[in-house]
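Remarks on the structure that follows.
Every number in this text was worked out from the coordinates using simple rules, so none of it is lab data. Keep in mind that what you see is a predicted model, and the values were worked out from it rather than measured. Cβ coordinates were reconstructed from backbone atoms using ideal geometry, including for glycine residues, and neighbour counts include every protein chain displayed.
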Amino acid sequence: MSDHMWRAVDDYFTQTLVKPDAALSSALARNAAAGLPPIDVAANQGKLLYLLARMMNASRILEIGTLGGYSTLWLARALPENGKIVTLEFSPQHAQVARENFAEAGVTDKVELLVGPALESLPTLQGPFDMIFIDADKRNNPHYLRWTLKLARVGSVIIGDNVVRSGRIVDSQSTDENVQGLRQYLRDIGENPHLTATALQTVGSKGWDGLQLAIVESLPD
């Protein structure tokens with residue numbers, strides 16, 4: 001199978017099950033025009049996040065890594081009327097683009113966007129969050145995990161994106177700090193008695209990658 005076929009299948013799923021959406025399409029166009037890296041989740045992956053949030057009746061969501069807010073839009077739309085998503089973004093430029101996307105989509109009242117290093121913003125937050133989506137610099141994932149556990153409740157779901165990295169995740173000798181950060185992150189999850197987790201490989205318009213999912217079974221004393 002080729003990248004071309006992976007993209008064709010993603011396009012088919014999107015056309016059949018996701019459908020066109022003006023605000024989401026506009027967000028991607030604005031992100032591209034602003035020169036943001038094209039690393040947003042795919043449309044069918046965005047809808048997966050939306051469905052997961054809906055399935056668990058999430059009313060408070062934490063997102064680490066906003067970029068231009070494409071995944072934030074999907075998650076914000078899954079929230080009830082009084083729901084809130086707190087999203088953390090390092091880059092002021094990216095944050096400004098995201099704010100414009102939130103305003104056009106009409107979800108500004110559901111989004112709290114904090115700008116700066118996530119490890120500085122996380123200690124200022126008050127939990128618990130029902131769902132936590134980690135999609136920022138992978139080298140810091142182990143640190144993000146420690147903070148998310150402080151901000152979670154029993155039953156919270158933690159999702160980590162980009163955990164396969166075209167198969168590089170299995171290279172224990174990798175000099176890529178993002179690969180090593182993810183390897184430590186996955187080890188920390190697997191060894192944590194308070195979490196039950198798995199990870200899945202994906203192929204599609206974003207290449208060969210994957211998602212990690214975990215549920216918080218109990219809280220540390």
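Using the 10 angstrom Cβ neighbour count as an exposure proxy, how do 156, 205 rank, fewest first? Can you show the working numbers first?
Details: 156 25, 205 18.
In order of increasing Cβ crowding within 10 Å: 205, 156.
Would you mind putting 163-171, 46-54 in packing order, based on average other-beta-carbon counts within 10 Å, highest first? Don't skip to the answer; put the middle values down first.
Numbers: 163-171: 15.9, 46-54: 19.0.
Per-residue mean Cβ counts within 10 Å order the peptides as 46-54, 163-171.
Please give me the summed charge of the neighbours of residue 186: other residues whose Cβ is under 12 Å from its Cβ, Lys and Arg +1, Asp and Glu -1. Don't skip to the end; give the middle numbers.
Numbers: positive: 138, 165, 183, 187; negative: 188, 191.
Net local charge, residue 186 excluded: +2.
Which length gain, in nm to one decimal place, applies between residue 219 and residue 201 when the Cα-Cα distance is subtracted from 0.36 nm times their residue separation?
On the way: separation 18, 0.36 × 18 = 6.48 nm, distance 2.81 nm.
That pair, residue 219 and residue 201, stretches by 3.7 nm at full extension.
Long-range amide H contacts for residue 129: which residues qualify at under 5 Å (H placed 1.01 Å from N, peptide plane, sequence gap of 5 or more or a different chain)?
152, 153
Amide H of residue 164 versus every other amide H placed in the peptide plane: which residues, excluding those fewer than 5 positions away on the same chain, fall under 5 Å?
For residue 164, the qualifying residues are 210.
Where the only charges are on Cβ atoms (+1 Lys, Arg; -1 Asp, Glu), what is the dipole of segment 3-216 about its Cα centre, to the nearest 20 debye? Kindly include the intermediate steps, with their values, before the conclusion.
Working: 20 positive and 23 negative charges, 72 e Å.
It works out to roughly 340 debye.
With 10 angstrom as the radius, rank 202, 108, 66, 148 by how many other C-beta atoms surround their C-beta, starting from the fewest. Could you put the intermediate results ahead of the total?
Numbers: 202 20, 108 14, 66 29, 148 24.
Ranked by crowding around the Cβ, least crowded first: 108, 202, 148, 66.
Compute the label zone of residue 119 within segment 142-169: residues whose backbone N is under 14 Å from the point 7 Å along Cα-to-Cβ.
Within reach of a label on residue 119: 142-148.
Would you calculate, for the chain, the mean residue ellipticity at 222 nm contributed by helices, counting each DSSP H stretch of 4 or more residues as -39,500 (n - 2.57) and dividing by all residues, to the nearest 500? Walk me through the numbers before you get to the answer.
Numbers: 8 runs with 87 residues, N = 221.
Mean residue ellipticity at 222 nm (helix-derived): -12000 deg cm²/dmol.
Where does the charge balance sit around residue 199 when Lys and Arg score +1, Asp and Glu -1, over other residues with C-beta under 15 Å from its C-beta? Show your work: numbers first, answer last.
Working: positive: 138, 165, 168, 183, 187; negative: 135, 161, 188, 191, 209.
Result for the local shell: 0.
Could you give me the percent of Cα pairs per 5 Å distance bin for segment 3-216, shortest bin first, beginning at zero and ending with the bin that holds the maximum distance?
1, 7, 15, 19, 22, 18, 12, 5, 1, 0
Fewest to most neighbouring Cβ within 10 Å: what's the order for 74, 6? Intermediate results must be reported in sequence, preceding the final value.
Working: 74 25, 6 17.
Exposure proxy ranking, most exposed first: 6, 74.
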